[in-house]
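One structure is given here, and the rest of the page talks about it.
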Protein chains: 2
Amino acid sequence: MGAKLLAMNALETLKERLAEINDLQNAAALLHWDQATYMPAGGAEARGRQLATLSRLAHEKFVAPEIGELLQNAQPEDEDEKALIAQTQREWERAAKIPVEFEARLATHTASTYEAWTRARPADDFASVRPLLEKTLDLSCELAGFFKYQHPLDPLIDFSDPGSTVAQIRPLFAELRKNLVPLVEEVTEFQETDVNVLRGHFPEAKQAKFSRRVLTAVGYDWNRGRLDKTHHPFMTKFSLGDVRITNRCSENDFQDYFFGALHETGHALYEQGIDAKYEGTLLANGASSGIHESQSRLWENMVGRSRTFWSFWYPQLVELFPNFTHVPLDTFLGAINHVEKSLIRTDADELTYNLHVLIRFELEAQMLEGKLAVQDLPEAWREAYRENLGVFSETDANGCLQDVHWFGGTIGGAFQGYTLGNILSAQFFAQAREEKPEIDYEMAVGEFDTLRGWLTEKIYQHGAKWLPNELVEHATGRALELEPYLRYLREKYTT
Amino acid sequence: MGAKLLAMNALETLKERLAEINDLQNAAALLHWDQATYMPAGGAEARGRQLATLSRLAHEKFVAPEIGELLQNAQPEDEDEKALIAQTQREWERAAKIPVEFEARLATHTASTYEAWTRARPADDFASVRPLLEKTLDLSCELAGFFKYQHPLDPLIDFSDPGSTVAQIRPLFAELRKNLVPLVEEVTEFQETDVNVLRGHFPEAKQAKFSRRVLTAVGYDWNRGRLDKTHHPFMTKFSLGDVRITNRCSENDFQDYFFGALHETGHALYEQGIDAKYEGTLLANGASSGIHESQSRLWENMVGRSRTFWSFWYPQLVELFPNFTHVPLDTFLGAINHVEKSLIRTDADELTYNLHVLIRFELEAQMLEGKLAVQDLPEAWREAYRENLGVFSETDANGCLQDVHWFGGTIGGAFQGYTLGNILSAQFFAQAREEKPEIDYEMAVGEFDTLRGWLTEKIYQHGAKWLPNELVEHATGRALELEPYLRYLREKYTT
């Protein structure tokens, strides 16, 4: 057997192994989805065990030395194969550096921390989770220590936003803050909005009907997905042919369901748009948290909160909901874009949302640097909110206990993607409209083919073939830049 | 380390291995359930692959030599542990005898045969599946050949009804046929029923409401289960805390939904009743196809088609469905117990159903004996229907192509359980009523605790701890016997 045949076999065998691992991961994803949608309470205990088994098997199979050998022997022949090897090599090396024993310790600790948090948050009881969070910080540092880094947060960021570092993000976020804080001040002082028009009674069936109509229009493929109810909306994927979204509904509020659905659909359009040839490999994923979030935000905010969009859809909305009969479009637009300095990230508007993220990013960076002790976190949190948003929370429930992230994994790496996504959404959207000016005209008549087409061509179809920075460069001809986002915000909120 | 400690460790390790395999099987069960309920069409291709991967991994892990060693070294200390070892040993030896290579060949062949059948049945095209079915027969003989047997059907029966053999079933079924054929003649000649009262418009929401009310009353635990829609009703389990049923609905027919739901609930009550201590092992299953079917039939037929049952529920039914306002209870009871000599097994009534099964059992026995060639099957089928039921089908679609069983696995082993279940359902029901005469009074007021309690105590809680014949002996003090079933049928249909 010639060396070339051996190498080809290595690549084929590698693909088979990866497909098997992918099957296990996708099965786990379905178990998660079912847990969040339909599973009866009695199934919870066994489900936790089943998920742990599937994750463990997938992990064991991936970090096996055989994968390393196959990676070494495989000789990629085209660009896709090269990308597959490179991406798999990256993930394999990363995974191989983390001892199985550590993974188990972290998983056990995370389970008990999460459980404690579900009780501590409603009880506003930071003291009860403090020792657990201290251990989480230790484990996060230990995890970072398996890698070379400039800043201990860097390896944790790299898991979700490959290539990004504290050294790059800090000045970017500082520049964003410098612009955001005065902008928020200005907008909140002068805006004249009536958010009450979004309150009232909005029957669930009608909300679902309207949302489904819009999702169909933006291009969500129902033949390769579905929408179910859950407590916390999310997008999940079991194959490129089965990309589902979930949502929740409040009948007293119009915003929650619609923008939640559009947000998750942004994620789903990305996944549904990945080229089928990558199915079963690591390339059949989004490129990073930030790139993924750029798509949910683009569709939710740039499209879904724009005047152009509603100039078409508002009449249909009014027809379905008599609540809006006497509400002018301008009032409605003001309400869905209302800016408010508030305490809770998940309730925050487009503009202040980033300040919530920046606060968390900086606090976790300082904790990992050893400059902020867990016991001082509640105070540091209050101070950061006072300084950045001018609001003050009496409770930790509405302070540093509000997010699950630090209590459901490590401290570090989970927040920066939200704001990177916001920044990128503007850069992509600006580029698309520049190249395809018809996007605006189409949006005004409820069509989105050109926009989705551009995004598919430049971003979606490539999956995780490129690193995030390469993808941004390919799509826009430039590295990530803040200016389009600032321009978008200034235009939208000051004119 | 002492020998006893080693042995204990072997048992613990064995339980861990079995739990892992169980997790994979339960994950596969959820993937199946999702495929049959909510999966969008686009997910089909990948889902097939994912199911194959999970099954293969579970199988590989089970037939691993390590399991054999653990079984050998484990020293069970109590009755449960002994049963666990014995049952696992049995399944392991059986699985180990089947070469992995054969499993793969059979799976590949089955996939293409099933696919061909889905096209052949509507097209009434037996010729197109004949060569495939011939290969299925060869593979079925090959499979049987991995085991010692008196009759080649025996090992195939043993997969689903351990301990049963052709030598035992043939005379039993012959005796049943001898009684059934004249009984069917007599009943169909003299019955005066109006099945049209079951036709009309029955809104799905109301059908679901009524069925759920009854399922709750018989004791289905919604906290450990749920009911979803599908094309072909089934019961499935992801853990003892998550036992689901599925159902379909025709708004033009009252029987389908209600009796389908009650049938699957019978299966589910069995699984929900298994002692939690068996979770994660092979004992957390029903004892056999026949025992399982005895429970679906007991609840569907003995309970759900009885006068006592409807004396309580009929007024509620009438209240929900004005369709029945002018239909006397007797007419309704006649309609739901209407006997008809027909061509299709799945539409058959309680009485003739067994004749459909007996026909299939005898035909597959003869095929495996080499006495009936696949090419002669359509004619043999027609002849058997003429002889047993006095009906004649022009088409094979309504003849030997009507059931999926032979086209979705092997020929042999899938049918006998239905009739064994019918026979056993009467034996169990008679025993329960003899020991607990209050069962009838309770049923007449819509209560089922004593009946379900007796079944749980005698059957459900023990899972697969005993072989079917042991279980029947434990529950009724006697081996399987036909007489209670014949008595039940005679009483019901001739008085």
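Relative to the isolated chain, which residues of the stretch A:209-253 have their accessible area cut by 40 Å² or more in the presence of all protein chains (1.4 Å probe, heavy atoms, no ligands or nucleic acids)?
So the qualifying set is A:ASN223, A:ARG226.
Summed for both chains, how many Å² of accessible area, to the nearest 100, are buried between A and B with a 1.4 Å probe?
In total, chains A and B hide about 2700 Å² from solvent.
When the helices in chain A are scored as -39500 (n - 2.57) per DSSP H run of 4 or longer and the sum is shared across all residues, what 222 nm value do you end up with, to the nearest 500 deg cm²/dmol?
That calculation yields -21000 deg cm²/dmol at 222 nm.
Buried by at least 10 Å² relative to the chain on its own: which residues of the stretch A:27-43 qualify, computing accessible area with a 1.4 Å probe on protein heavy atoms?
Listed by number, the residues meeting the 10 Å² cut-off are A:ALA27, A:LEU30, A:LEU31, A:TRP33, A:ASP34, A:TYR38, A:PRO40, A:ALA41, A:GLY42, A:GLY43.
Using packing as a proxy for protection, rank A:121-128, A:162-169 so that the peptide with the highest average count of other Cβ atoms within 10 Å comes first.
Peptide ranking by packing, descending: A:162-169, A:121-128.
What residue of chain A sits with its beta carbon nearest the rotation axis taking A to B, and at what distance in whole Å?
A:ALA27, 2
Say R0 is 45 Å: what FRET efficiency, to the nearest 0.05, do B:GLU442 and B:LYS178 get from their beta-carbon distance?
Calculated transfer efficiency: 0.80.
Ignoring ligands, DNA and RNA, what accessible area per residue does the stretch A:1-135 give at 1.4 Å, in Å²?
Value returned for the stretch A:1-135: 50 Å² of accessible area per residue.
Write down, largest first, the equivalent ellipsoid semi-axes of chain A in whole Å, where each equals the square root of 5 times an eigenvalue of the alpha-carbon gyration tensor.
Semi-axis lengths for chain A are 36, 29, 23 Å.
Using Cα pairs closer than 8 Å and at least 6 residues apart in sequence, work out the relative contact order for chain A, in percent. Can you show the working numbers first?
Values: 686 pairs, mean separation 99.6, N = 495.
Relative contact order of chain A: 20 percent.
Applying 1/(1 + (r/R0)^6) with R0 = 22 Å to the Cβ-Cβ distance of A:GLU101 and B:ASN73, what FRET efficiency is obtained, to the nearest 0.05?
Working: r = 27 Å, r/R0 = 1.20.
Between A:GLU101 and B:ASN73 the formula returns 0.25.
Which stretch or stretches of the stretch A:367-393 have amide N atoms under 15 Å from the point lying 7 Å from A:ASP138's Cα along the Cα→Cβ direction?
Only A:374-375 fall inside the zone, counting backbone N under 15 Å.
Could you sort A:MET302, A:MET39 by their accessible area in this structure, using a 1.4 Å probe and putting the largest first?
A:MET39, A:MET302
Assume the label is 7 Å from Cα along Cα to beta carbon: what separations in nm does A:LYS206 have to the matching positions in the other copies?
So the distances to the same position in the other copies read 2.8 nm.
Below 17 Å, Cα to Cα, which lysines can A:LYS61 reach? Residues fewer than 8 away in the same chain don't count.
A:LYS15, A:LYS97, B:LYS61
Could you pull the Rg and Dmax for the stretch B:357-428, using just the Cα atoms, both in Å?
So, for the stretch B:357-428, Rg and Dmax equal 13.0, 41 Å respectively.
So what are the ³J(HN,Hα) numbers for the stretch A:335-347, from phi and the Karplus equation (6.51, -1.76, 1.60; θ = phi - 60°), rounded to whole Hz, Gly and Pro as x?
5, 6, 10, 4, 9, 8, 6, 9, 8, 10, 4, 5, 9
For the stretch A:279-405, state the semi-axes of the equivalent ellipsoid (square roots of 5 times the eigenvalues of the alpha-carbon gyration tensor), sorted largest first and rounded to whole angstrom.
34, 23, 11
What does the accessible area per residue of the stretch B:307-445 come to in Å², with a 1.4 Å probe and no ligands, DNA or RNA counted?
37
For the charge dipole of the stretch A:117-216, defined by +1 on Lys and Arg C-beta atoms and -1 on Asp and Glu C-beta atoms about the Cα centroid, which residue among A:THR193, A:GLN168, A:LEU137 has the Cα displaced farthest towards the positive pole?
Farthest towards the positive pole: A:THR193.
Just the number, please: carbon plus sulfur as a percent of the accessible area of chain B, 1.4 Å probe, no ligands or DNA/RNA counted.
That fraction is 51 percent.
Determine, from the Cβ-Cβ distance of A:ARG478 and A:ASP347 and an R0 of 25 Å, the FRET efficiency 1/(1 + (r/R0)^6), rounded to the nearest 0.05.
On the way: r = 33 Å, r/R0 = 1.34.
Approximately 0.15, to the nearest 0.05.
Under a Cβ-only charge scheme (Lys and Arg +1, Asp and Glu -1), can you give me the dipole magnitude of the protein assembly as shown about the Cα centre, in debye to the nearest 20?
Around 100 debye, computed over the protein assembly as shown.
Given label points at 7 Å from Cα along Cα→Cβ, what nm distances, shortest first, separate A:THR37 from the same residue in every other copy?
Shortest to longest, the spacings are 1.0 nm.
Mind checking the per residue accessible area of the stretch B:158-282 for me, 1.4 Å probe, whole number of Å²?
41
Is the stretch B:207-257 best put as rounded, prolate or oblate by its Cα gyration tensor, with a ≥ b ≥ c the root eigenvalues, rounded for a/c under 1.5, and otherwise prolate when a/b is larger than b/c, oblate when not?
oblate
Keeping all protein chains in the complex and leaving out DNA, RNA and ligands, what accessible area do you get for B:SER140 with a 1.4 Å probe, in Å² to the nearest 10?
0
What gaps in nm, shortest first, separate A:VAL391 from its twins in the other copies when you place the label 7 Å past Cα toward the beta carbon?
Distances to the matching label points in the other copies: 6.9 nm.
Output wanted: per-residue J couplings in Hz (rounded whole) for the stretch A:301-317, from phi through Karplus 6.51 cos²θ - 1.76 cosθ + 1.60, θ = phi - 60°, x for Gly and Pro.
Each residue of the stretch A:301-317 in turn: 9, 4, 7, x, 10, 9, 5, 4, 4, 6, 4, 8, 8, 4, x, 5, 5 Hz.
How far is it, in nm, from the label point at A:THR108 to the one at A:ASN223 when both lie 7 Å from their Cα along the line to the Cβ?
5.0
The values are calculated or read from the model by the stated rules, or taken from the named source; none is laboratory data. Predicted, not measured: the structure shown is a model, and the values here were computed from it. Here Cβ is always computed from backbone atoms with ideal geometry, including for glycine, and neighbour counts include all displayed protein chains. The accessibility values were calculated without ligands, DNA or RNA, using every heavy atom of the protein model including side chains. Shrake-Rupley method; radii C 1.70, N 1.55, O 1.52, S 1.80 Å.
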